[in-house]
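To start, the structure itself, in structure tokens.
None of the figures in this text is laboratory data; all of them are computed from the coordinates on show. Since the model is a prediction, treat every value here as computed from it, not as a measurement. Virtual Cβ from ideal backbone geometry, glycine too; neighbours counted across all protein chains shown.
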Amino acid sequence: MKAPSFAYARPGTLAEAFDLLERHGERARILAGGQSLIPSLNMRLSSPELLVDINGLRELQGVSLQGKALRIGALVTHAQIEKSPDVKKHASLLAQAAPHIAHPAIRNRGTLGGSLALADPAAEYPACALALNASFIVLSRKGERHVKAAEFFKGLFETDLKSAEILAAAEFPPADKAVFVELARRHGDYAIIGLAGTRVASQKRFVFLGAGATPVFAKNASRAKSLAEAKEALGEDLDPPADLYHSSSTKLHLARVLLERAWNTL
Amino acid sequence: MEHALDTSMTVNGSPVRRRIPARQHLVDFLREELGLTGSHIGCEHGVCGACTVRVDGDIVRGCLMLAVQANGCRVDTIEGLSDSGELKALQKAFHEKNALQCGFCTPGMLMAAQDLVLQKKKCSREEIRNHISGNYCRCTGYQAIVDAIEQVLNGQS
């Protein structure tokens, strides 16, 4: 189908972007890579009056080391994350996750910020951000605020972002070891279930995607001392929703399969 | 607010300037306005890959980019790549390996395959399949398509 009619603006500065977002409120949508927004327009699931294309904002670009954390701008694409030597070295979890996101032509346009701000519970980056204890840098006219990943994802496609705020970047603290695994019916499909795992010193963190309305931190499994204990404990952490093809118990079984693979890598 | 914008881009090497409705995606613009109907429209939500074109050297989904977003960009379509001879080896291999039947997916498939060819590395069949995983073929199937791409990439016959 064809998208409904909307206006389009491409601000050259943050101030112009805030003007547009404040003036149009809920009737405006931010356009980043557009790889989820444009399909939803084409299918007429969404009909904003105005698209504010933020691709001209230089402040949202770039990958840089801030102390020990890696700061990645919201407009950095999946393809850039996949290929960046800095990401591979300082946030290898993201480099491992990126090739699982859709297909090359989509990874050339889709962005980190777009994926985090959309907060699709089946997406890869939200789970990675939670596993790495990332901080999100959110800009508005009033200035800058930092939000921890654990406080950012509020519900199904729901985040802590307020009207007229822009997600500018995310900062990912280092991990000693990281592993990303997921199961999908075909390469590039949304995962049936996936796991972002990290280890900092002896502290493991397991975060599942496709397992609830938000990325789910498996608290009990992360505390377990042995693999058997962790697999057992996962039953208390997860109650994954069934999808068209997989029952909840199948998804829990598959989550345990992934946990075993990740456990042996971390 | 502007519902149509003056937009300039370079398409297959030629400068193009048009006033484009914001809601029109890039492939509709190429097909409807410029008559470049080699890029096909299948699903219009980013699943099938029939609309694959190149923007500033990177392959993208033509249905998931607004035409106005291509302002200032270099856009290359199957027509441009075919006319310049860039796709000669792939086209020959697709012909020889019988890697198309109805041909609907072929332009997108060639654009995606050429992206891999340009990376100039040898690939396993698995890697080729991963790279074209976003391009659907509903008739010939993938075996012959992978054969053709493999022939070009790895110089096998």
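Go ahead and set up a Gaussian network model of chain B, Cα springs under 10 Å, then flag whichever of B:Cys102, B:Cys73, B:Cys63 fluctuates most.
B:Cys102
In degrees, nearest 10, range 0 to 90: what is the angle between the Cα axis of helix A:14-24 and the longest Cα principal axis of chain A?
80
Give the distance, in whole Å, between the Cα centre of the stretch A:1-54 and the Cα centre of the stretch B:132-157.
Value for the Cα centre distance between the two parts: 38 Å.
Taking only Cα atoms of the stretch B:87-154, what ratio of Rg to Rh do you get with Rh as the Kirkwood inverse-distance radius? Each step should come with its number before you reach the end.
Values: Rg = 10.4 Å, Rh = 11.5 Å.
Taking Rg over the Kirkwood Rh, I get 0.90.
Taking the radius of gyration and the Kirkwood hydrodynamic radius from Cα positions alone, what is the Rg/Rh ratio for the stretch A:177-263, to two decimal places?
Values: Rg = 12.1 Å, Rh = 12.8 Å.
Rounded to two decimals, Rg over Rh is 0.95.
Got a sec? How would B:Leu64, A:Leu118 order by Cβ neighbour count within 10 Å, fewest to most? Walk me through the numbers before you get to the answer.
Working: B:Leu64 26, A:Leu118 17.
Least to most surrounded, the residues fall as A:Leu118, B:Leu64.
Output needed: percent of Cα pairs per 20 Å distance bin for the protein assembly as shown, bins running from 0 to the one holding the longest distance.
Percent of pairs per bin, in order: 26, 55, 19, 0.
Run down the lysines and flag those whose C-alpha is under 18 Å from the C-alpha of A:Lys231, throwing out any fewer than 8 positions away in its chain.
Of all the lysines, those that pass the test against A:Lys231 - Cα under 18 Å, at least 8 places apart if same chain - are A:Lys204, A:Lys219, A:Lys251.
What residues qualify as long-range amide H neighbours of B:Gly42, i.e. H under 5 Å apart, gap of 5 or more or another chain, H built at 1.01 Å from N?
Amide H neighbours of B:Gly42, under 5 Å, 5+ apart: B:Ala50, B:Cys51.
Nearest 20 debye, what's the magnitude of the dipole of the protein assembly as shown about its Cα centre given +1 on Lys and Arg Cβ and -1 on Asp and Glu Cβ?
Values: 50 positive and 45 negative charges, 141 e Å.
Once rounded to the nearest 20, the dipole reads 680 debye.
Relative to the first principal axis of the alpha-carbon coordinates of chain B, what is the inclination of helix B:142-154, with its axis defined by its Cα atoms, in degrees from 0 to 90 and to the nearest 10?
90
Grab the other residues whose beta carbon is less than 12 angstrom from that of B:Leu81, score K and R as +1, D and E as -1, and report the net. Could the numbers behind the result be given before it?
Working: positive: B:Arg54, B:Lys88; negative: B:Asp76, B:Glu79, B:Asp83, B:Glu86, B:Asp115.
Summing Lys and Arg as +1 and Asp and Glu as -1 gives -3.
Counting pairs of alpha carbon atoms under 8 Å apart in space and at least six apart in sequence, what relative contact order in percent does the stretch A:17-104 give?
On the way: 88 pairs, mean separation 17.7, N = 88.
Relative contact order, the stretch A:17-104: 20 percent.
For chain B, take N as its residue count and report Rg(C-alpha) divided by 2.2 N^0.38 Å. Walk me through the numbers before you get to the answer.
Details: Rg = 15.8 Å, N = 157, 2.2 N^0.38 = 15.0 Å.
Scaled against compact globular proteins, the figure is 1.05.
Please go through the stretch B:1-68 and write out the GluC sites (Glu not before Pro) that DSSP classes as loop and that have at most 16 other C-beta atoms within 10 Å.
Numbers: sites: B:Glu2, B:Glu32, B:Glu33, B:Glu44; in loops: B:Glu2, B:Glu44.
Within the stretch B:1-68, the qualifying GluC sites (Glu not before Pro) (loop, at most 16 other Cβ atoms within 10 Å) are B:Glu2.
For chain A, find the longest principal axis of its Cα atoms and tell me its angle to the long axis of helix A:227-237, 0 to 90°, nearest 10.
In chain A, helix A:227-237 runs at an angle near 50 degrees to the longest axis.
Using DSSP to define loop residues, name the chymotrypsin sites (Phe, Trp or Tyr not before Pro) in the stretch A:171-266 whose beta-carbon has at most 12 other beta-carbon atoms within 10 Å.
Details: sites: A:Phe180, A:Tyr190, A:Phe206, A:Phe208, A:Phe217, A:Tyr245, A:Trp263; in loops: A:Tyr190, A:Tyr245.
Here the sparse-neighbourhood loop sites are A:Tyr245.
Which whole-number percent is the relative contact order of chain A (Cα, under 8 Å, 6+ apart)?
On the way: 579 pairs, mean separation 40.3, N = 266.
So the answer I get is 15 percent.
Please tell me the relative contact order of the stretch A:77-160 in percent, rounded to the nearest whole number, where contacts are Cα pairs under 8 Å and at least six residues apart. Working shown, then result.
Working: 104 pairs, mean separation 19.8, N = 84.
It rounds to 24 percent for the stretch A:77-160.
What residues qualify as long-range amide H neighbours of B:Ile20, i.e. H under 5 Å apart, gap of 5 or more or another chain, H built at 1.01 Å from N?
Amide H neighbours of B:Ile20, under 5 Å, 5+ apart: B:Leu5, B:Asp6, B:Thr7.
Once you mark the trypsin sites (Lys or Arg not before Pro) that are in a DSSP loop and have at most 16 other Cβ atoms within 10 Å, what is the longest gap between them in chain A?
A:69-140
Which residue, chosen from A:Ala91, A:Ser40, A:Ala69, occupies the Cα position most advanced towards the positive end of the dipole of the stretch A:1-101, where the dipole is computed from +1 (Lys, Arg) and -1 (Asp, Glu) charges on Cβ about the Cα centre?
My answer, from the dipole projection, is A:Ala91.
How much of the calculated P(r) for the stretch B:1-54 lies past 16 Å, in percent of all Cα pairs? Spell out each step's value before the answer.
On the way: 640 of 1431 pairs.
Of the Cα pairs, 45 percent sit more than 16 Å apart.
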